[in-house]
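Here the structure is laid out as structure tokens; the discussion comes afterwards.
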Amino acid sequence: MSDVAQFKEVFSRYPAGVVIVTTRAADGAAKGFTASSFTSVSAKPPLVLACLNLTAECYPTFKTAEKFAISILRPHHQELAELFAKRGAEKFIDGHFVDSHHGLPVVKDALATLICRKQDHFPGGDHVIIVGEVTQTLLGDPGHGMVHYERKFWGVGDSAA
């Protein structure tokens, strides 16, 4: 396929859940990115994947990270999701994150959080596919989730029927 714009347009029409993926650099600095390319891979063992652009500022940290966290976002996290999608932004705003007992920053009121040990990573064109084994799950209070659809964020949670 040679038409990148059309390829991107196709996927803008696919509603995808929104997460923030976080880790810590060797110096202890928190790093993270917004992802809508996130999914479960396996239940036994529990595996998930997230995709990260190779040009992302946090890519070098995630390339060597041994563990990471995935926070599943709610509609009121829209500004945080937008912030984590920007280059050069100060992302870890006071009040939005807490450290898990694994030392990883997580969104404090996420719908759910997955703590992962990196199992592997694979090239995926202009992205890297990061596979993690889930070592712990944290459930937040029930509520609505957030998806990215038609280049906008939307709240979801009501039945379609």
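Values in this text are rule-based calculations from the coordinates and carry no lab data. Bear in mind the structure is a predicted one, so any value in this text is a computation, not a measurement. When we count neighbours, we look across all protein chains shown, and the Cβ atoms used for this are built from the backbone with ideal geometry, even at glycine.
Would you list Leu73, Leu111 from fewest to most Cβ contacts within 10 Å? Let's see the in-between values first.
On the way: Leu73 25, Leu111 21.
Fewest to most other Cβ atoms nearby, the residues stand as Leu111, Leu73.
Residue by residue through segment 20-33, what is 3J(HN,Hα) from phi via Karplus (6.51 cos²θ - 1.76 cosθ + 1.60, θ = phi - 60°)? Round to whole Hz and write x for glycine and proline.
10, 9, 10, 7, 10, 6, 4, 7, x, 5, 6, 9, x, 8
Once each part is reduced to its C-alpha centroid, what is the distance from segment 33-80 to segment 122-161 in angstrom?
The two parts, judged by their Cα centres, are 9 Å apart.
With 10 angstrom as the radius, rank His148, His76 by how many other C-beta atoms surround their C-beta, starting from the fewest. Each step should come with its number before you reach the end.
Numbers: His148 22, His76 12.
So the residues, fewest neighbours to most, are His76, His148.
Can you pull out the chymotrypsin sites (Phe, Trp or Tyr not before Pro) in segment 53-161 that DSSP calls coil and that have at most 16 other Cβ atoms within 10 Å?
Working: sites: Phe62, Phe68, Phe84, Phe92, Phe97, Tyr149, Phe153, Trp154; in loops: Phe92.
In loop regions of segment 53-161 (DSSP not H, G, I, E or B), the sparsely surrounded chymotrypsin sites (Phe, Trp or Tyr not before Pro) are Phe92.
Find the relative contact order for segment 4-156 and round it to a whole percent, using C-alpha pairs within less than 8 Å whose residues are 6+ positions apart. Each step should come with its number before you reach the end.
Details: 314 pairs, mean separation 44.2, N = 153.
Dividing the mean separation by the residue count of segment 4-156 yields 29 percent.
So which of Lys44/Lys118; Lys86/Lys152; Lys31/Lys63; Lys63/Lys152 end up more than 20 Å apart, counting from Cα to Cα?
Values: Lys44/Lys118 16 Å; Lys86/Lys152 15 Å; Lys31/Lys63 12 Å; Lys63/Lys152 29 Å.
In this structure, Lys63/Lys152 lie more than 20 Å apart at Cα.
Looking at segment 52-161, which GluC sites (Glu not before Pro) are DSSP coil and have at most 12 other C-beta atoms within 10 Å of their C-beta?
Those satisfying the criteria are Glu66, Glu90, Glu150.
Multiply the residue separation of His101 and Ala5 by 0.36 nm, subtract the distance between their alpha-carbon atoms, and state the gained length in nm to one decimal. It would help to have the intermediate numbers written out before the result.
Details: separation 96, 0.36 × 96 = 34.56 nm, distance 4.22 nm.
Length difference between fully extended and current span is 30.3 nm.
To make sure I understand, if each residue's beta carbon is the centre and we count other beta carbons within 10 Å, what order do Val98, Val106, Val19, Val41 fall in, fewest to most? Numbers along the way, then the final one.
Working: Val98 12, Val106 23, Val19 30, Val41 15.
Starting with the residue having the fewest Cβ neighbours, the order is Val98, Val41, Val106, Val19.
Just the Cα atoms of segment 1-70: what Rg and Dmax do they give in Å?
Using the Cα atoms of segment 1-70, the pair Rg, Dmax is 14.3, 41 Å.
Using only helices, what value at 222 nm comes out for the chain when you add -39,500 (n - 2.57) per DSSP H run of length 4 or more and divide by the total residues, to the nearest 500 deg cm²/dmol?
Numbers: 3 runs with 22 residues, N = 161.
About -3500 deg cm²/dmol.
Once phi is turned into θ = phi - 60°, what whole-Hz ³J(HN,Hα) does the Karplus curve with 6.51, -1.76 and 1.60 give for every residue of segment 62-67, x standing for Gly and Pro?
5, 4, 9, 5, 9, 9
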